[in-house]
Structure formats: C-alpha cells, structure tokens
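The values are calculated or read from the model by the stated rules, or taken from the named source; none is laboratory data. Everything quoted here is computed from the prediction, not taken from an experiment. Positions of Cβ are backbone-derived with ideal geometry, glycine not excepted, and every protein chain shown enters the neighbour counts. Only protein heavy atoms, including side chains, enter the accessible area calculation; ligands, DNA and RNA are left aside. Shrake-Rupley method; radii C 1.70, N 1.55, O 1.52, S 1.80 Å.
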Amino acid sequence: MKTKIEREERQKAIVDMNSFLLTYAVNILPSGNGNIAGTVYDAMKNDLTGLDALFNDGGIGRTLKFTDIAAGCARNLYDLDPEAAEAEGQRITTEAVNYLGNNINSFNHWLSE
C-alpha cells in the first residue's frame, strides 16, 4: 500500500513527465499546432516508440524526457535497485500516458498560456 506522500510524489512525477515531454514537443514539432498534447498522446498511446517517429530524434525525447524520469522517480521514491526501478518506471510511464490522455485539453491550455 502506498502512503499519501508516495501517491503525491508519484502524481507530481507523472505531471512532470508530461510537462517535460510536451515542452520538448513544442520545440520540435512545427508551430501552429493547437493540439500538441493530442498529437503527442496519439503518437504514444499504443506504443511509446511512436514518439520516436513523431519527433524524428532517435528516441531522445521518449527516453530523456519521459521514461528516464519515471525510472528515476521509482528509484528515489521506493529506494529500488536499477532493475526493480525499471519495472516500476514502466508502470509509472503507463500511468503518465493515461493521465495525458485524460487531460489533453488541460495540457493544451497550459501550453497556450
């Protein structure tokens, strides 16, 4: 069972992951797209490697701006060894993808401010 602090820290990491990824997307993708969050979500909802094709960056955005953050969060939050942190990081990544999918309009609004 996760403590309240663990749940809050996990939620912060999920928001940060999406924020970092979307900020990266704004700098990589052509301007004028008012639905950056939707575009990113559509690219990764079935397979994270869809981000590689979207960004055409060889996986840099996917790893440095998303999955590495999840693994780091798991390692720090639960004091896990690298292998266990990777597995928990994958679960956090899945939660982050779902969170983005459920909050596309909020993220698009945040990006347009």
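A few remarks follow.
- Neighbours by Cβ (under 6 Å, 6+ apart or cross-chain): first from region 47-68, under 19 Å from residue 87 (Cβ atoms); second open to solvent by less than 30 Å² (accessible area, probe 1.4 Å): 62/51; 66/17; 66/21; 67/93
- Only residues that are closer than 14 Å to residue 21 by Cβ and open to solvent by 20 Å² or more (accessible area, probe 1.4 Å) were counted across region 51-72, and they come to 11.
- Those residues of region 15-41 which are over 15 Å from residue 93 (Cα atoms) and open to solvent by 50 Å² or more (accessible area, probe 1.4 Å), in sequence order: 23, 26, 27, 28, 30, 31, 32, 33, 34, 35
- Meets criteria (out of contact with any Ser or Thr (no Cβ under 9 Å at 6 or more places or on another chain) and part of a helix (DSSP H, G or I)) for residue 111: no
- Restricting the first member to region 90-108 and to residues that are under 12 Å from residue 17 (Cβ atoms), and the second to residues that are among the charged types (D, E, K, R) and assigned to a helix (DSSP H, G or I), the beta-carbon pairs closer than 8 Å and six or more apart or on different chains are 92/10; 95/10.
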